[in-house]
Amino acid sequence: MQPATPTLLLNNNQTMPQVGFGAYKILGDTETARILGAALDAGYRLIDTASVYKNEESVGKFISSCQIPREELFITSKVWNTAQRMGDIEGAFNRSLDRLKLDYLDLYLIHWPVPGCYAQTWKTLEKIYRSGRARSIGVSNFGIAHLEHLFQMSGIIPAVNQIECHPLWNRSELVHYCKERGIAVQAYAPLARGVYAEREVLTRIGQKYHKTAAQIGLRWLIQRQIAVIPKSSQSGRIRNNIDVFDFSLTEIEMKTIDTLDEHLRTASIPEDMIGQDVE
């Protein structure tokens with residue numbers, strides 16, 4: 001039995017595991033069961049998916065058969081841009097619940113701030129939140145300007161802003177802004193698609209703690225009180241990515257890693273958002 005992963009307290013008093021498992025690009029019932037089974041065995045309890053990943057049904061089948069009590073799991077999904085433009089937010093949410101075979105989501109996010117749509121989308125998410133069918137609601141890929149717009153028209157502050165964040169793009173200004181306003185930051189692509197795996201600074205620090213550069217990068221995020229959702233299909237790496245709670249980086253090491261920032265985006269921007277104001 002793996003020890004429980006540390007959690008972050010969200011601004012609505014819900015708790016969220018600080019390390020979760022990203023289900024992006026996992027397809028097929030067999031592969032989903034193999035990979036998510038390895039993740040749960042390693043101690044993960046947060047599974048992050050989205051309607052656009054086209055795997056909610058497979059994830060739902062796995063959840064139904066995994067023998068972990070529902071209340072011990074934290075399931076996230078997201079509303080895609082097409083549904084925002086069609087104004088079909090509630091329909092999209094209900095379809096996600098149906099595919100996942102769930103009565104509620106722990107977290108439901110706006111996947112991208114679609115211009116002219118995301119404010120109205122947020123109002124619908126508020127309605128879903130008040131119904132209890134989403135325990136928390138939040139956003140993804142939102143910058144400061146997008147969040148400011150929400151604050152002007154809404155009484156509910158997003159619980160989470162899920163953004164690309166890693167040592168090569170530390171997002172310091174946005175992270176500070178979110179923390180000041182009680183918004184938890186959750187990092188997707190926290191390993192930068194493997195780009196920093198061989199960076200000398202990280203490998204050298206890793207040697208001190210007998211950890212990989214990837215584990216050092218994840219630990220750096222965690223010590224900034226940022227949640228992480230790494231993904232891998234390899235069981236060894238799945239275990240390594242959650243094995244980051246038995247050491248702490250020094251203040252000097254944290255500041256040294258801060259200097260690696262080069263504003264490197266490794267995740268792609270959807271075609272329908274290219275040229276838009278995105279972070």
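The values are calculated or read from the model by the stated rules, or taken from the named source; none is laboratory data. These figures come from a predicted structure and were not determined experimentally. Here the Cβ positions follow ideal geometry from the backbone for every residue, glycine too, while neighbour counts run over all protein chains shown.
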Legend entry - residue 47 being assigned to a strand (DSSP E or B) and touching an Asp or Glu at 6+ places or on another chain (Cβ under 8 Å): no
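Mind listing whichever residues of region 204-231 are part of a loop (DSSP other than H, G, I, E, B), without any contact (Cβ under 8 Å) to a residue 60 or more places away in the chain and closer than 23 Å to residue 24 by Cβ?
Once the filter is applied, which keeps residues that are part of a loop (DSSP other than H, G, I, E, B), without any contact (Cβ under 8 Å) to a residue 60 or more places away in the chain and closer than 23 Å to residue 24 by Cβ, region 204-231 yields 212, 224.
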Legend entry - Residue in region 13-42 that is farthest from residue 76 (Cα to Cα), counting only those that are hydrophobic (A, V, I, L, M, F, W, C), out of contact with any strand residue (DSSP E or B) (no Cβ under 7 Å at 6 or more places or on another chain) and outside any helix (DSSP H, G or I): 27
Legend entry - Members of region 62-82 found to be touching a Lys or Arg at 6+ places or on another chain (Cβ under 9 Å), part of a helix (DSSP H, G or I) and surrounded by 18 or more Cβ atoms within 10 Å (Cβ to Cβ), listed by number: 63
Legend entry - Pairs with Cβ under 6 Å, 6+ apart, first in region 242-271 and assigned to a loop (DSSP other than H, G, I, E, B), second of a type in the set (D, E, K, R): 244/219; 249/219; 266/193; 267/164
Inset, instruction - Six or more apart or on different chains, Cβ under 6 Å: which pairs go from a residue in region 167-194 that's under 18 Å from residue 249 (Cβ atoms) to one that's charged (D, E, K, R) and surrounded by fewer than 23 Cβ atoms within 10 Å (Cβ to Cβ)? Could you list them? - result: 168/262; 170/261
Inset, instruction - Select from region 192-203 the residues that are part of a helix (DSSP H, G or I), more than 14 Å from the chain's Cα centre (by Cα) and aliphatic (A, V, I, L, M) and list them in ascending order. - result: 201, 202
Legend entry - Among (1) in a helix (DSSP H, G or I); (2) modelled with pLDDT of 95 or more; (3) over 26 Å from residue 4 (Cα atoms) - the single one residue 238 does not satisfy: (3)
Inset, instruction - Under 8 Å between Cβ atoms, at least 6 apart or on separate chains: pull out the pairs that start in region 18-47 with a residue that is basic (Lys, Arg) and end on any residue that is in a helix (DSSP H, G or I). - result: 25/53; 45/72
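Can you tell me how many residues within region 104-126 are among the β-branched types (Val, Ile, Thr) and either farther than 21 Å from residue 14 by Cα or at pLDDT below 95 (or both)? Step through it out loud before you land on a result.
Step one: of region 104-126, the residues among the β-branched types (Val, Ile, Thr) are 110, 114, 121, 124.
The next check asks that each one be either farther than 21 Å from residue 14 by Cα or at pLDDT below 95 (or both); those that pass are 114, 121.
Qualifying residue count, region 104-126: 2.
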Legend entry - Residue satisfying condition, being surrounded by 22 or more Cβ atoms within 10 Å (Cβ to Cβ) and of a type outside the set (Ser, Thr, Tyr), within set 144, 157, 216: 216
Inset, instruction - Kindly provide the set of residues from region 192-213 that are of a type in the set (S, T, N, Q) and surrounded by 13 or more Cβ atoms within 10 Å (Cβ to Cβ), ordered by number. - result: 203, 212
Inset, instruction - For region 50-66, indicate whether the set of residues that are out of contact with any Asp or Glu (no Cβ under 6 Å at 6 or more places or on another chain), closer than 22 Å to residue 245 by Cβ and of a type in the set (Val, Ile, Thr) is non-empty. - result: no
Inset, instruction - Kindly check whether there is at least one residue in region 49-62 that is closer than 28 Å to residue 152 by Cβ and of a type in the set (Lys, Arg). - result: no
